[in-house]
Amino acid sequence: QVQLVESGGGLVQAGGSLRLSCAASGSTYNIITLGWHRQVPGNERELVVVTDTSANSTTYADSVKGRFTISRDNAKNTIYLQMNSLKAEATAVYYCNLVVWRTTRSIRYNYWGQGTQVTVSS
């Protein structure tokens with residue numbers, strides 16, 4: 001079992017910055033992908049950024065390219081989302097996501113955090 005806890009959200013002015021954190025606990029070995037998604041009430045949850053650990057590749061949504069950056073600290077079991085030049089359209093609940101290969105069941109498992117609210121005023 002993996003638990004993910006996001007933090008760092010809040011209210012910021014357009015053009016400002018925030019850094020979101022996702023602290024992971026439990027069995028976080030064999031990570032296939034890690035990333036961030038966001039969701040506005042009534043809308044689909046959308047991909048913000050995802051890192052494929054096997055391919056060592058990172059893909060950002062077009063809407064955040066050049067402004068958002070994902071990073072991780074393996075020693076702290078934490079991943080981050082640095083958000084710069086924030087726009088009002090970035091207002092959403094942001095969710096941390098890990099996809100893990102469970103060897104004992106030979107299956108992928110998708111883990112989500114509880115979400116953290118980001119509100120950008122215009």
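Where a number appears in this text, it was derived from the coordinates with a stated rule and is not lab data. Everything numeric in this text was worked out from a predicted model, so none of it was measured. When we count neighbours, we look across all protein chains shown, and the Cβ atoms used for this are built from the backbone with ideal geometry, even at glycine.
Some notes on this structure:
- Among the residues of segment 1-46, those identified as part of a loop (DSSP other than H, G, I, E, B) and within 14 Å of L81 (Cβ to Cβ) are G8, G9, S17.
- Some residue of segment 5-13 being acidic (D, E) and surrounded by 16 or more Cβ atoms within 10 Å (Cβ to Cβ): yes
- Inter-residue pairs, beta-carbon under 6 Å, first touching a residue at least 24 places away in the same chain (Cβ under 8 Å) and in segment 28-46, second small (G, A, S) and part of a loop (DSSP other than H, G, I, E, B), 6+ apart: none
- Looking across segment 88-113 at every residue that is in contact with a Leu (Cβ under 8 Å, 6 or more places away or on another chain) and of a type outside the set (A, V, I, L, M), the one that is nearest to L34 (Cα to Cα) is identified as N97.
- Any hit, segment 90-110, residues being under 10 Å from the mean Cα position of the chain (by Cα) and on the phi > 0 side of the Ramachandran plot: no
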